[in-house]
1. Given the options Glu45, Glu76, name the one that is assigned to a loop (DSSP other than H, G, I, E, B), assigned by TED's automatic domain parsing to the domain that holds Ser209 and among the acidic types (Asp, Glu).
2. Can you find a residue that is within 17 Å of Gly13 (Cα to Cα) and of a type in the set (A, V, I, L, M) anywhere in segment 103-117?
3. Scan Ala105, Ala31 and give me the residue that is touching a residue at least 24 places away in the same chain (Cβ under 8 Å) and either farther than 30 Å from Lys245 by Cβ or in contact with a helix residue (DSSP H, G or I) (Cβ under 7 Å, 6 or more places away or on another chain) (or both).
4. Being among the small types (Gly, Ala, Ser), out of contact with any His (no Cβ under 9 Å at 6 or more places or on another chain), touching a residue at least 60 places away in the same chain (Cβ under 8 Å) and surrounded by fewer than 22 Cβ atoms within 10 Å (Cβ to Cβ), is that true of even one residue in segment 180-195?
5. Quick one: what pairs do we get from segment 236-248, first residue without any contact (Cβ under 8 Å) to a residue 40 or more places away in the chain, second among the small types (Gly, Ala, Ser), C-beta under 9 Å, 6+ apart or different chains?
6. When only residues in segment 73-128 that are of a type in the set (Ser, Thr, Tyr) and more than 14 Å from the chain's Cα centre (by Cα) count, which is farthest from Glu25 (Cα to Cα)?
7. Can you confirm whether Ser296 is assigned by TED's automatic domain parsing to the domain that holds Ser148, at pLDDT below 90, surrounded by fewer than 16 Cβ atoms within 10 Å (Cβ to Cβ) and among the hydroxyl-bearing types (Ser, Thr, Tyr)?
8. Please pick out the residue among Ala78, Ala51, Ala65 that is in contact with a Cys (Cβ under 8 Å, 6 or more places away or on another chain) and in contact (Cβ under 8 Å) with a residue 24 or more places away in the chain.
Amino acid sequence: MGLLDGKVAIVTGAGHGIGRGHALELAKEGATVLVNDLGTSLKGEGTGRDADLTVDLITGRGGKAAANYDDVADFEGAGRMVQQAVDTFGRLDIVVNNAGIARDATIWSMSESDWDSVIRVHLKGTFCPTHHAVNHWRALNKAGEDVSYGRVINTTSGAGLVGNFGQANYTAAKAGIAAFTMTVSLEVFKMGITVNCIGPAGATRMAASIPGAGIEAKEPDEFEEWNPMDPSLSSPLVAWLASDKAGHVTGQVIRAVKDEIVHMEPWSNGATIRKAGKRWDPSELTGLMNADIFHSRAPGLRY
C-alpha cells in the first residue's frame, strides 16, 4: 500500500531534475501521474518531448503515467492539462507546480524579455494550473462532492526567500509564489483543499548554470545512493503534503534541502519603536533607527 494509492497528480516541469524526482516519488507511492513538460531549454527556448523520458521511467517501474506538453503559463493550455488528467484518469487530486526557467542577469543588464519570461513561467505558470484545478474542485464541491482531497503544492526557493545576486526576476517570481500560496490557501480553506509551498535544491540544470557554483547537472534517477545534491531529496515531503495525512497543513512554506526539512516563518514583526500616538519627525529617526532597529551596523550590511 502506497501513501497515494488511487490518487491522480499533475507535476509540471517534470521532464528533468526536481520535477522528475517529484513525479517518480508520487508514482512510487501509488499515484497516477500526468507528467507535464514543454521541453524547452533552461532559458525557456524551443519545445520538445522531455516529458516522455519521465513517463518511460514511471511505466518501466510498473507505475501509471501519461505525458502532457502544454505551456503552463498559457491560460488555455493549463486548462487543457487539467482536463487531460480528468478525462484520461477519471479524477484529479494533486497539482505540483514546479516548472521554471532561468535568465540570470544583474539589474543593469537584465532585458525586459528576461524579466517578462521568468515572471511568466514561474508566477503565471503557477497561477494558471492552480486556477483551473481549483475551479474543477469547486464545481464538484458545489455539486455536493467532498473535495478535501485537493492538494496544490507550489515551488519557491531559498533565493526567493532571502534574495540572490543577479536573479531579480527569478527571486521576485519565487517570493511571489510564496505569497500566492498563503493567499490561495485562505481562499480554498472552506473546501478543505490545501495549498502549500516547498523550497527544494539539488544538482539541477538551473543550479549548474550559476557561475562559479561548480555543479554538474544530474537527474534523480542517476543517483544510486544518498547524495546531498540529489534533486529528488524534497520529493518525499511533496508526497506527504499530497497525501491525506497532511490535510491539516495549509498555507505553509517549507524548505527541503539535503537532509533537512525546515518550516519557514513568514514576515513577522521585529524590533519596534513607538511614539505614543504622535507623528514621527524624520530628524529624530537617525539615532533611534540606528540604535534600536539596526543596532548601529555599518552602511551596506544586510540586517
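The values are calculated or read from the model by the stated rules, or taken from the named source; none is laboratory data. For clarity, every value in this text was computed on a predicted model and none was experimentally measured. Note: ideal-geometry Cβ built from the backbone for every residue, glycine included; neighbour counts use all protein chains shown.
1. On the way: Glu76 fails: assigned to a loop (DSSP other than H, G, I, E, B).
On inspection, the qualifying residue turns out to be Glu45.
2. Keep residues of segment 103-117 that are within 17 Å of Gly13 (Cα to Cα), which gives 103, 117.
Then keep just the ones that are of a type in the set (A, V, I, L, M); that gives none.
Scanning segment 103-117 turns up no residue that is within 17 Å of Gly13 (Cα to Cα) and of a type in the set (A, V, I, L, M).
3. Just a single option satisfies the conditions, and that option is Ala105.
4. Yes, segment 180-195 contains a residue that is among the small types (Gly, Ala, Ser), out of contact with any His (no Cβ under 9 Å at 6 or more places or on another chain), touching a residue at least 60 places away in the same chain (Cβ under 8 Å) and surrounded by fewer than 22 Cβ atoms within 10 Å (Cβ to Cβ).
5. Hits for this filter: Leu237/Ala256.
6. So, considering only residues that are of a type in the set (Ser, Thr, Tyr) and more than 14 Å from the chain's Cα centre (by Cα), the one farthest from Glu25 (Cα to Cα) is Ser109.
7. Against the criterion (assigned by TED's automatic domain parsing to the domain that holds Ser148, at pLDDT below 90, surrounded by fewer than 16 Cβ atoms within 10 Å (Cβ to Cβ) and among the hydroxyl-bearing types (Ser, Thr, Tyr)), Ser296 does not qualify.
8. Numbers: Ala51 fails: in contact with a Cys (Cβ under 8 Å, 6 or more places away or on another chain); Ala65 fails: in contact with a Cys (Cβ under 8 Å, 6 or more places away or on another chain).
On inspection, the qualifying residue turns out to be Ala78.
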